[in-house]
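Nothing in this text is a laboratory measurement; each read-out follows from the coordinates by a stated rule. Since the structure is predicted, the reported quantities are computational estimates derived from the model, not experimental observations. With ideal geometry, Cβ positions are generated from the backbone for all residues, glycine too; neighbour counts draw on all protein chains shown.
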Amino acid sequence: GLVNTKEMFAKAMAGKYAIPAYNFNNLEQLQAIVVACVETNSPVIIQVSKGARSYANETMLRYMAMGAVQMARELGSTIPICLHLDHGDSFELCKSCVDSGFSSVMIDGSHLPYDENVALCKKVVEYAHQFDVSVEGELGVLAGIEDEVSAEHSTYTKPEEVEDFVKKTGVDSLAISIGTSHGAYKFKAGQPVPPLRFDILAECEKRLPGFPIVLHGASSVVQEYVELINQNGGKMEGAVGVPEEQLRQAAASAVCKINIDSDGRLAVTAKVREYFGKDPKEFDPRKYLGEARKELIKLIKHKNETVLGSAGKA
Ligand code: G3H
Ligand code: 13P
Ligand code: ZN
């Protein structure tokens, strides 16, 4: 069945790699994750956002996740698969996911005042741990493109808070803000990408030795996809992500979970646009979504093998 993050993270910490956390909303995305992770023998976290839940229906997604485990087993694989709630925003949402069989949840109180974040997180942990469900908390707010990503950035994680937060809440992992952001426009286009704040990560690591850190907003915004999209009627000029080399560096540190959604979205969009550019007569979704799925498999294998280092670690 589905597993929580405990053992995955312990091994990732010891082995200096990171577990991939891929978002899914539909069949083809999940099939691609399963095939790619089976073929690379990688442990994996499949995650569902609040938006995914309302798009696809929570019950549907949960059965799909159980189907993913079954599918992996039928492919002869024993890779561990965790079903995680991404960015849970209330106790009720987290409880509902715990009750319905998720093996891990995130409670994102990062926008709340510190004490409220602690209280909310603690409440979720107390509930989830009764059912052996792991909990991810967050400290610091991820930057948006509108914010100046500078040394003075006020929303980076404050290392002096992390020890107290983990102790008070009992969370199993902690997402931190060190310069990444969600989506396809992470940094100013046409300028050198500012390096992630590895100094903040190192400070957190020092205060929480051996504790699993999570990196959100970790898509690289693969430029081949952006170009393919723009060549086929799209308008995504200026889309920029986190260079792979920096993710490799993060994966080798206490970062045990790396969240990737946007790169998968870009792969699908690029391939669908390319398909219709070549064959505007096609109307069988299996044709163009099949191409998108093939590209997703390629992308995920590449991430597992050459960026996160999770390939062969199941
Ligand atoms: O954290 C954001 C994830 O990429 C999920 O995005 O809320 O649009 O499903 P979403
Ligand atoms: P990206 O938008 O960089 O893929 O980040 C995804 C994420 O953090 C999901 O929680
Ligand atoms: Zn996120």
Among residues of the stretch 23-72 being more than 29 Å from Ile107 (Cβ to Cβ) and outside any helix (DSSP H, G or I), the residue nearest to ligand 1 (Cβ to nearest atom) is Thr40
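Being in contact with a Leu (Cβ under 8 Å, 6 or more places away or on another chain) and in a loop (DSSP other than H, G, I, E, B), is that true of even one residue in the stretch 298-311? Spell out how you get there, then give the answer.
Applying the first criterion (in contact with a Leu (Cβ under 8 Å, 6 or more places away or on another chain)) to the stretch 298-311 yields 307-308.
Cutting the leftovers down to in a loop (DSSP other than H, G, I, E, B) gives us none.
The answer is no; no qualifying residue exists.
Condition check: within 16 Å of ligand 3 (Cβ to nearest atom), closer than 25 Å to His87 by Cβ, assigned to a loop (DSSP other than H, G, I, E, B) and touching a residue at least 24 places away in the same chain (Cβ under 8 Å). Does Val242 satisfy that? Even if it seems obvious, please write down each step before you answer.
Working: within 16 Å of ligand 3 (Cβ to nearest atom): yes; closer than 25 Å to His87 by Cβ: yes; assigned to a loop (DSSP other than H, G, I, E, B): yes; touching a residue at least 24 places away in the same chain (Cβ under 8 Å): yes.
Yes.
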Which listed residue, of Ser262, Ser253, is within 13 Å of ligand 2 (Cβ to nearest atom) and either within 23 Å of Gln31 (Cβ to Cβ) or small (Gly, Ala, Ser) (or both): Ser262
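One line per residue, one yes/no per condition, for (1) within 16 Å of ligand 3 (Cβ to nearest atom); (2) more than 23 Å from Asn23 (Cβ to Cβ); (3) touching a residue at least 24 places away in the same chain (Cβ under 8 Å); (4) part of a strand (DSSP E or B):
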site: Gly183; (1), (2), (3), (4): yes, no, yes, no
site: Gly190; (1), (2), (3), (4): no, yes, yes, no
site: Pro195; (1), (2), (3), (4): no, yes, yes, no
site: Gly210; (1), (2), (3), (4): no, yes, yes, no
site: Gly217; (1), (2), (3), (4): yes, no, yes, no
site: Glu224; (1), (2), (3), (4): no, no, yes, no
site: Ile229; (1), (2), (3), (4): no, no, yes, no
Can you tell me how many residues in the stretch 183-221 are crowded, with 16+ Cβ neighbours inside 10 Å, among the polar types (S, T, N, Q) and away from ligand 1 (no atom under 15 Å from the Cβ)? 0
Quick check on my filter: what residues within the stretch 261-306 are closer than 19 Å to Pro80 by Cα and surrounded by 24 or more Cβ atoms within 10 Å (Cβ to Cβ)? Ile300, Lys303, Asn304
Residues to consider are Glu274, Glu295; find the one that is over 22 Å from the mean Cα position of the chain (by Cα) and not basic (Lys, Arg). Glu274
Within the stretch 73-108, how many residues turn out to be more than 16 Å from ligand 1 (Cβ to nearest atom), at negative phi and part of a loop (DSSP other than H, G, I, E, B)? 7
List the residue pairs whose Cβ atoms are under 9 Å apart, where the first residue sits in the stretch 69-93 and is touching a residue at least 60 places away in the same chain (Cβ under 8 Å) and among the acidic types (Asp, Glu), the second is within 16 Å of ligand 1 (Cβ to nearest atom) and assigned to a loop (DSSP other than H, G, I, E, B), and the two are 6 or more positions apart or on different chains. Asp86/Ser49; Asp86/Asp108; Asp86/His216; Asp86/Asp261
A careful count of residues in the stretch 222-239 that are in contact with an Asp or Glu (Cβ under 7 Å, 6 or more places away or on another chain) and crowded, with 19+ Cβ neighbours inside 10 Å gives 2
